[in-house]
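Here's the structure, in structure tokens; my notes come after.
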Amino acid sequence: MRTPSMEDYLERIFTLIREKGYARVSDIAEALKVHPSSVTKMVQKLDKDEYLVYEKYRGLVLTPKGKKIGKRLVDRHQLLEEFLQIIGVSEENIYRDVEGIEHHLSADSLNAIGYLVQYFREEPERIKALHQIRECDKEA
């Protein structure tokens, strides 16, 4: 069973590897704002659970299982960001809000949000209508 913390690490590792081609303990620690020793402990756990292969002083590589989960976590994060943008959440709140909710939604809720985002993508005038409702509410 993955914990929210494990998911945060897998998501960040997947993103670092995609962006830089590698993920070092120091990069992960900086990105997650944790101590390198905490990263080492988690990376060892993720290695034991076969999400990645870790060799001390040599780095790490995601296993196919780790890549699949990492991609799914990144996709989930992006979906929630897009959803919050569509519904008009301010940019300064989006990242924090996504971090707060992404581990607590069921697959059913994520699928429903995915369909709603798809609907808004296909019907962009609905986004404008939604934003107009919000503006009218602010003025009242």
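Taking a cut-off of 27 Å between Cα atoms, list the lysines near residue 128, but don't count ones fewer than 8 places away on the same chain.
Of all the lysines, those that pass the test against residue 128 - Cα under 27 Å, at least 8 places apart if same chain - are 138.
Please compare each pair in 33/65; 20/48; 45/67; 45/68 to a cut-off of 21 Å on the Cα-Cα distance and tell me which ones are over it.
The answer is 33/65; 20/48.
Apply 1/(1 + (r/R0)^6) to the Cβ-Cβ distance of residue 133 and residue 103, taking R0 = 35 Å, and write down the FRET efficiency to the nearest 0.05.
Result of the calculation: an efficiency of 0.70.
In the range 51-107, what percent of the accessible surface is made up of carbon and sulfur (1.4 Å probe, ligands and nucleic acids excluded)?
Whole-percent figure for carbon plus sulfur exposure: 56.
Using a 1.4 angstrom probe on the protein heavy atoms only, could you order 43, 61, 89 from most to least accessible area? Let's see the in-between values first.
Values: 43 0, 61 90, 89 35 Å².
In descending accessible area the options line up as 61, 89, 43.
Among the trypsin sites (Lys or Arg not before Pro) in the range 42-140, which ones are in a DSSP loop with at most 14 other Cβ atoms within 10 Å of the Cβ? Mind listing them?
56, 58
Hey, can you list the DSSP H helices of the chain whose Cα span along the axis is 20 Å or longer and whose average Kyte-Doolittle score is at least -1.0? Don't jump to the answer; show the numbers that get you there.
Values: long enough: 4-20 (24 Å, -0.59); 64-86 (33 Å, -0.72); 107-122 (22 Å, 0.03); 124-139 (23 Å, -1.38).
Result, helices passing both filters: 4-20, 64-86, 107-122.
Taking the range 52-119, which chymotrypsin sites (Phe, Trp or Tyr not before Pro) meet the DSSP loop condition and have no more than 15 other C-beta atoms within 10 Å?
Here the chymotrypsin sites (Phe, Trp or Tyr not before Pro) that fit, given the DSSP loop and packing criteria, are 57.
Cα-Cα pairs above 22 Å in the range 8-140: how many percent?
Within the range 8-140, distances greater than 22 Å cover 48 percent of Cα pairs.
The values are calculated or read from the model by the stated rules, or taken from the named source; none is laboratory data. Every value quoted in this text rests on a predicted model; they were computed, and no experiment measured them. Every residue, glycine among them, receives a Cβ derived from its backbone with ideal geometry; neighbour counts consider all protein chains shown. For the accessible areas, the whole protein counts, side chains as well, though only heavy atoms, and no ligand, DNA or RNA atoms are used. Shrake-Rupley method; radii C 1.70, N 1.55, O 1.52, S 1.80 Å.
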